[in-house]
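Student: Let me give you the structure first, and then I'll get to my questions.
A short reminder: the numbers here are calculations on the coordinates, not readings from a lab. If you're wondering where the values come from, they're calculated on a predicted model, not measured in any experiment. Positions of Cβ are generated from backbone atoms using ideal geometry, with glycine treated the same way; all protein chains shown enter the neighbour counts.
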Amino acid sequence: MAKDYLHESISFKVKKVARYARLYGSSRTLAKIRGQVHMSESEAIQGAIWRNPACRKPDHPARGVAIVGSGNFAYTVIAYYLKGHAKHFLRAALDVNLARACSLCRDYGGCYATTQLEDILQDKQIKLVYIASNHASHAEYAIACLDAGKDVHIEKPQAVSWEQLDRLISAQKRNSGRLVFLGYNRPRSRHFAKVLQTLHMESGPIMINWFIAGHEIPPDHWYFAEAEGGRVLGNLCHWTDLTLAMVGRENALPAAVVPVSAPGSPSDFCVGIQFADGSVAGITFSAKGHTFEGVREVLNVQKGNALISMTDFHRTRIDVMAKRHSFRTLFRDHGHKANILNSYQASRDRSPDRAVSAAYNRATAQLMLAVRSAIETGQRVTLNEHGTVGF
């Protein structure tokens with residue numbers, strides 16, 4: 001979630017831009033600046049649909065994408081990377097705020113903006129829908145799009161309840177010819193690829209420790225609405241998904257989840273997870289203030305003879321006995337570009353091996369929901385092979 005920096009002091013803005021350019025590069029930093037302006041868009045526009053008079057080549061074969069939800073992430077990440085890959089990618093943008101959908105559509109050369117999902121469902125030229133709306137709507141939009149014959153890329157979380165997850169998986173199975181992708185981008189980071197490569201060469205259970213410093217958000221933020229799932233489903237799901245990827249779905253269940261939460265704080269908590277193969281993970285999430293460089297995250301892992309440390313998906317150190325390897329990228333690599341473009345290209349190439357299976361979709365969501373249950377109730381939760389939760 002992006003903080004509004006438009007009203008900060010000039011000196012703060014200059015320092016912020018300089019720091020982000022060093023971390024993400026000048027082009028991505030410029031997109032983030034434009035995103036701040038985009039999020040302030042409030043022009044009154046009549047009707048439920050707006051057609052872009054500047055749209056070029058509306059029937060271009062690459063123009064098969066719709067973006068549902070036109071917020072900061074859709075503008076600065078999804079549309080940004082797709083535009084760099086395929087100039088004429090965008091067919092439609094949707095948002096409940098038509099002005100914001102128009103802003104994304106106009107700036108990225110789309111054909112039309114709308115507030116009505118039905119416009120997208122009935123548009124036969126749209127083959128792939130990126131869903132980046134409010135969390136409670138992700139599964140509902142995905143189900144409707146799958147049933148309309150569209151491939152879907154669902155930003156996290158893919159579901160906010162067990163019942164919603166069941167319906168999403170049923171839709172994925174009954175539309176087996178359609179491809180499903182998830183917005184868990186970090187597994188496609190070059191840093192995480194090196195982590196997994198090292199872990200696969202070692203045997204035995206894993207000891208995993210995450211520390212994440214997230215953004216502070218006000219108590220009236222929409223993340224905290226009961227239907228939206230709070231910060232576990234809005235943020236922590238990234239690291240439960242990464243943890244499952246390291247342990248392996250086949251080694252995970254049954255899993256025991258033990259929470260420790262700061263009294264009265266919905267944004268500060270620790271959770272311990274013990275997996276079936278003896279692997280143990282500890283995840284600490286803290287959001288006590290605003291971090292100047294965005295979300296900060298540190299991973300420490302040991303498996304067999306391998307000891308791994310990764311900081312901010314920017315620097316990774318791997319020690320295996322006497323061998324030491326350090327890896328650093330010029331900019332932070334959270335896997336956004338690789339994940340966004342994988343969905344686009346796999347949909348065009350009809351490559352199901354690059355999509356997410358129903359089994360993995362269910363497993364990673366179940367772990368996320370179990371962690372949420374544990375933190376919200378303050379009780380130990382057991383997630384078993386059948387996907388049910390017991391206290």
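Student: Calculate how steeply helix 237-247 sits against the longest principal axis of the alpha-carbon atoms of the chain, using the helix alpha-carbon long axis, and give the answer as 0 to 90 degrees to the nearest 10.
Tutor: In the chain, helix 237-247 runs at an angle near 50 degrees to the longest axis.
Student: Please give the FRET efficiency for Phe224 paired with Gln125, using the beta carbon to beta carbon distance and R0 = 45 Å, rounded to the nearest 0.05.
Tutor: Taking R0 as 45 Å, the efficiency between Phe224 and Gln125 is 0.75.
Student: How tilted is helix 190-200 with respect to the longest principal axis of the chain? Cα atoms for both, answer in degrees (0 to 90, nearest 10).
Tutor: Taking Cα atoms only, the helix is inclined about 30 degrees.
Student: Once both axes come from the Cα atoms, what is the angle between helix 336-349 and the longest principal axis of the chain, in degrees from 0 to 90, rounded to 10?
Tutor: Tilt of helix 336-349: around 60 degrees.
Student: Between Val258 and Arg328, how high is the FRET efficiency from 1/(1 + (r/R0)^6) when r is the Cβ-Cβ distance and R₀ = 22 Å? Nearest 0.05.
Tutor: E between Val258 and Arg328, to the nearest 0.05, is 0.05.
Student: Under a point spin-label approximation (7 Å from Cα along Cα-to-Cβ), what is the Ala54-Ile10 distance to one decimal in nm?
Tutor: About 2.8 nm separates the two model spin labels.
Student: Remind me, relative contact order of the chain in percent, using alpha carbon pairs under 8 angstrom and six or more residues apart?
Tutor: Relative contact order of the chain: 16 percent.
Student: Report the full-extension gain for the segment Ile45 to Ser265: residue separation times 0.36 nm, less the Cα-Cα distance, to one decimal in nm.
Tutor: 75.3 nm
Student: Below 8 Å between Cα atoms, with a sequence gap of 6+, how large is the relative contact order for the stretch 245-391 in percent?
Tutor: In percent, rounded to a whole number, it is 24.
Student: Quick one: compute the contact order of the stretch 258-338, relative version, from alpha carbon pairs under 8 angstrom and 6+ residues apart, as a percent.
Tutor: Over the stretch 258-338, the number comes to 15 percent.
Student: Still on this structure: Which loop trypsin sites (Lys or Arg not before Pro) in the stretch 52-103, with loop taken from DSSP, have no more than 12 other Cβ atoms within 10 angstrom of their Cβ?
Tutor: Arg56
Student: Largest first and to the nearest Å, give the Cα extent of the stretch 10-182 along each principal axis.
Tutor: 54, 37, 31
Student: Same structure, new question: Report Rg (one decimal) and Dmax (nearest whole number) for the stretch 131-271, counting Cα atoms only, units Å.
Tutor: Both quantities, over Cα of the stretch 131-271: 16.8, 47 Å.
Student: When Rg is the radius of gyration of the Cα atoms in the stretch 292-391 and Rh is its Kirkwood radius, what does Rg/Rh come to?
Tutor: My calculation puts Rg/Rh at 1.06.
Student: Do any GluC sites (Glu not before Pro) in the stretch 209-299 lie in a DSSP loop with no more than 16 other beta carbon atoms within 10 Å, and if so, which?
Tutor: For GluC sites (Glu not before Pro) across the stretch 209-299 that sit outside H, G, I, E and B with at most 16 neighbouring Cβ atoms in 10 Å, the list reads Glu216, Glu293.
Student: What are the extents of the Cα atoms of the chain along their three principal axes, in Å, largest first?
Tutor: Principal-axis extents of the Cα atoms in the chain, largest first: 61, 54, 43 Å.
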